[in-house]
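What follows is a short report on a single structure.
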Amino acid sequence: MTILEAIEARHSVRKYTARAIEPEIVATLRDCIDKCNSEAGLHIQLVTEEPEAFASGLLKYGAFSGVRNYLVMAGKKGRDVEEKIGYYGEKIVLLAQTLGLNSCWVGLTYKKIPGAFALAEGETVHCVIALGYGENQGVQHPLKPVEKFYELASGQDGVAPQWFLDGMKAAMLAPTAINQQKFKFILHPDSTVEARALFSFAGYAAMDLGIVKCHFEAGAGADNFKWHHSS
């Protein structure tokens, strides 16, 4: 399965079987986690065979069951860190999908279990990501018109190039908190792409933007553009 196929196939899954994640898959995930942590300055950790974080009675949303494996998305505080958590977390999620695993981003409905992971001074847990073999493959969230989520900056002929549209197609399939999709992409004349997080009452907008940028980059092809940074 390719990353683009994983983007198409991956849906949020909240119910998991008792099947353990094979050691070779765990090793592959840990290698990816190590690279992400090194590149982004994060402290992502994989916890396996730990059932207490999602024990019954703790769940307020989503009806999780059978979760015994999860990613602890830890790092320093700050909006830029939250965006990195989203971007690199989704890289790991998509790799997991190619390896046959299911997943779900989780913001609130889990318990922090002492000894299951470690935090350095100044670090916090931004969220966790449930992992494992799902009882099902989940369902696609409703898709909104893609035209509402991008615009072309002045100086263009009004027709977006195919690579940009391919990126937007992938971005629309990205998971966001309560499917809020509070983002907008702007294509500039120099083929740079600006990604903006919009205001959200639910929060998680910066993290969602990181997830969406990961999808866009995979769909558009990293060689076709550069990210635009406002002055």
Query raised in the report: Which of rounded, prolate, oblate describes region 1-127, given a ≥ b ≥ c as roots of the alpha-carbon gyration tensor eigenvalues and a/c under 1.5 marking rounded, otherwise prolate only if a/b is larger than b/c?
Result: rounded
Report task. Starting with the fewest neighbours, write out Glu194, Glu83 ranked by other beta-carbon atoms found within 10 Å of each beta-carbon. Result -> Glu194, Glu83
Query raised in the report: Can you give the longest stretch of the chain with no exposed loop site, where a site means chymotrypsin sites (Phe, Trp or Tyr not before Pro) in a DSSP loop (not H, G, I, E or B) with at most 14 other C-beta atoms within 10 Å?
Result: 62-198
Requested in this report: Report the local net charge at Trp227: Lys and Arg +1, Asp and Glu -1, summed over other residues whose C-beta lies under 15 Å from its C-beta.
Outcome: -1
Query raised in the report: In the chain, what % of DSSP beta bridges are antiparallel (nearest 5)?
Result: 75 percent
Query raised in the report: So for the chain, what are the equivalent ellipsoid semi-axes in whole Å, largest first, each being the square root of 5 times an eigenvalue of the Cα gyration tensor?
Result: 31, 18, 17
**Report entry** Where labels lie 7 Å past Cα in the beta-carbon direction, separation of Thr17 and Gln137 in nm
**Finding:** 1.4 nm
Report task. Give the relative contact order (percent, whole number) for the chain; include only Cα pairs under 8 Å separated by 6+ residues. Result -> 25 percent
Query raised in the report: From the square roots a ≥ b ≥ c of the eigenvalues of the alpha-carbon gyration tensor of region 146-227, which class results: rounded (a/c under 1.5), prolate (a/b over b/c), or oblate?
Result: prolate
Query - region 146-227 - percent relative contact order, Cα under 8 Å, separation 6 or more - result: 38 percent
Report summary line: Cα-Cα longer than 22 Å, checked against Lys77/Lys144; Lys15/Lys213; Lys144/Lys169; Lys84/Lys148, kept in input order, equals Lys77/Lys144; Lys15/Lys213; Lys84/Lys148
Query raised in the report: Between region 110-126 and region 1-76, what is the C-alpha centre distance in whole Å?
Result: 15 Å
Report summary line: Summed over the other residues with a beta carbon less than 14 angstrom from that of Ala116, with K and R at +1 and D and E at -1, the charge totals 0
Report summary line: Helix 79-98 sits off the longest principal axis of the Cα atoms of the chain, rounded to the nearest 10 on a 0 to 90 degree scale, by 70 degrees
Query raised in the report: Is the shape of region 61-151 best called rounded, prolate or oblate, per the rule: a/c under 1.5 gives rounded, else a/b larger than b/c gives prolate, else oblate, with a ≥ b ≥ c the square roots of the Cα gyration tensor eigenvalues?
Result: oblate
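No value in this document is a laboratory result; all are computed from the given coordinates. Worth saying up front: this structure is predicted, and the values here are computed from it rather than measured. Here Cβ is always computed from backbone atoms with ideal geometry, including for glycine, and neighbour counts include all displayed protein chains.
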